[in-house]
1. Once Rg/Rh (Cα atoms, Kirkwood Rh) is worked out from the coordinates, which option in (1) 0.96; (2) 1.07; (3) 1.28 does it equal?
2. Between 0 and 90 degrees, rounded to the nearest ten: what's the tilt of helix 2-30 against the longest Cα principal axis of the chain?
3. Compute the long axis of helix 34-46 from its Cα atoms, compare it with the longest principal axis of the Cα atoms of the chain, and write down the angle in degrees, 0 to 90, nearest 10.
């Protein structure tokens, strides 16, 4: 029975961590002006295929 308790706690911790990451991403996105978003999209489109822009 202890195994299930630990698995449940690990699941809750995973969900909480995912929520933190999503909230941080939304805050960063909300700080951008429309011009900045447009510029980033144009940069992403101009990248050659197969490169990952972070």
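Bear in mind that the values in this text are calculations on the coordinates, not laboratory data. Quick caveat: nothing in here was measured; it's all calculated off a predicted structure.
1. (3)
2. 20
3. 90
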